[in-house]
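Encoded as structure tokens, the structure appears first; notes follow it.
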Amino acid sequence: MGSQLFCVTLRRLSSDCRRLCRSSVNVSAAPSTSTSSSSEIIQSRVVICGAGVVGNSVAYHLTQNGWKDVLVIDQGSIGGGTSWHGSGIIGQFKPAFERELVTYSAQLYKKLQEEGHEIGWKQCGSLNVARTKNRLISLKRYVSNCKAGGLDCELINVDSMKSLHPHLHTGDLEGGVWVPTDGVVSSKDVCTTLAKLAMQMGSKYIENCKVKQIITENDRVVAVETTSGTIKCEFVVNSTGLVSE
């Protein structure tokens with residue numbers, strides 16, 4: 001249930017971000033490459049709460065689409081929360097609505113690595129194993145669905161699995177699925193890189209800043225009250241992860 005809720009949240013966040021990017025933009029803020037204090041910022045069109053991988057990604061994509069008046073706040077430091085110790089596994093063998101987001105992420109991380117940003121991206125591929133015949137049948141059906149959605153994946157036998165991963169014990173396995181475009185990345189480095197690029201495009205950051213409450217008027221967000229002061233805004237993105245409630 002928790003995983004399902006997480007996927008739905010990401011889907012809604014991705015949809016909301018695309019909607020913001022399609023809106024008209026008033027570019028006025030000067031580019032910055034360092035974090036700011038709240039005394040310098042009393043208003044921002046968009047306030048993103050949480051400087052983990054999701055918050056930094058939203059800031060990066062908004063600035064890439066022309067938004068400059070973007071502020072990211074975090075109760076700690078950039079990438080210092082859950083994202084700091086994330087596994088960094090980029091696996092695309094998932095339901096369609098989630099796979100679209102993961103596939104885009106894999107392509108983005110590969111692009112950033114090729115551009116010289118050291119984020120630890122390695123396209124090593126992945127194996128999804130089956131220990132029972134019923135599980136293998138289930139994976140076979142899932143492969144058909146994923147292939148129809150454009151994912152490069154293949155149902156393979158135990159010998160092929162052994163050749164791909166010589167240290168894998170295959171004595172109790174029936175087969176598996178090979179996804180060559182999967183990979184791993186350094187979660188912390190992704191956070192800092194996306195934040196750096198967002199700041200270069202005009203986004204601002206305030207660290208060690210906790211959200212106290214979201215202020216609304218007539219069912220619309222008007223400000224965010226924080227431990228560093230009140231920030232007027234038009235939009236709020238909640239990307240605080242486990243503490244979002």
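Numbers at a glance
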quantity: Filter result (over 30 Å from ILE42 (Cβ atoms), among the hydrophobic types (A, V, I, L, M, F, W, C), in contact with a Cys (Cβ under 9 Å, 6 or more places away or on another chain) and not in a helix (DSSP H, G or I)) within region 72-111; calculated: PHE93
quantity: Which numbered condition ARG131 misses (of (1) farther than 19 Å from GLY91 by Cα; (2) in contact with a Ser or Thr (Cβ under 8 Å, 6 or more places away or on another chain)); calculated: (2)
quantity: All positions within region 183-231 that are over 25 Å from HIS85 (Cβ atoms), hydrophobic (A, V, I, L, M, F, W, C) and in contact with a helix residue (DSSP H, G or I) (Cβ under 6 Å, 6 or more places away or on another chain); calculated: MET201
quantity: Selection count, region 122-170, where residues are of a type in the set (S, T, N, Q), free of Cβ contacts under 8 Å to residues at least 24 places away in the same chain and open to solvent by 80 Å² or more (accessible area, probe 1.4 Å); calculated: 3
quantity: Top-ranked residue of region 214-240 - restricted to ones that are among the hydroxyl-bearing types (Ser, Thr, Tyr) and assigned to a strand (DSSP E or B), ranked as least open to solvent (accessible area, probe 1.4 Å); calculated: THR226
quantity: Leading residue by the ranking (least open to solvent (accessible area, probe 1.4 Å)) among those in region 106-121 that are over 15 Å from the mean Cα position of the chain (by Cα) and touching a residue at least 40 places away in the same chain (Cβ under 8 Å); calculated: GLY120
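The values are calculated or read from the model by the stated rules, or taken from the named source; none is laboratory data. Because the structure is a prediction, the values reported are computed rather than measured. Neighbour counts run over all protein chains shown; Cβ positions are idealised from the backbone, glycine included. SASA here: full protein model, heavy atoms, side chains in, ligands and nucleic acids out. Shrake-Rupley method; radii C 1.70, N 1.55, O 1.52, S 1.80 Å.
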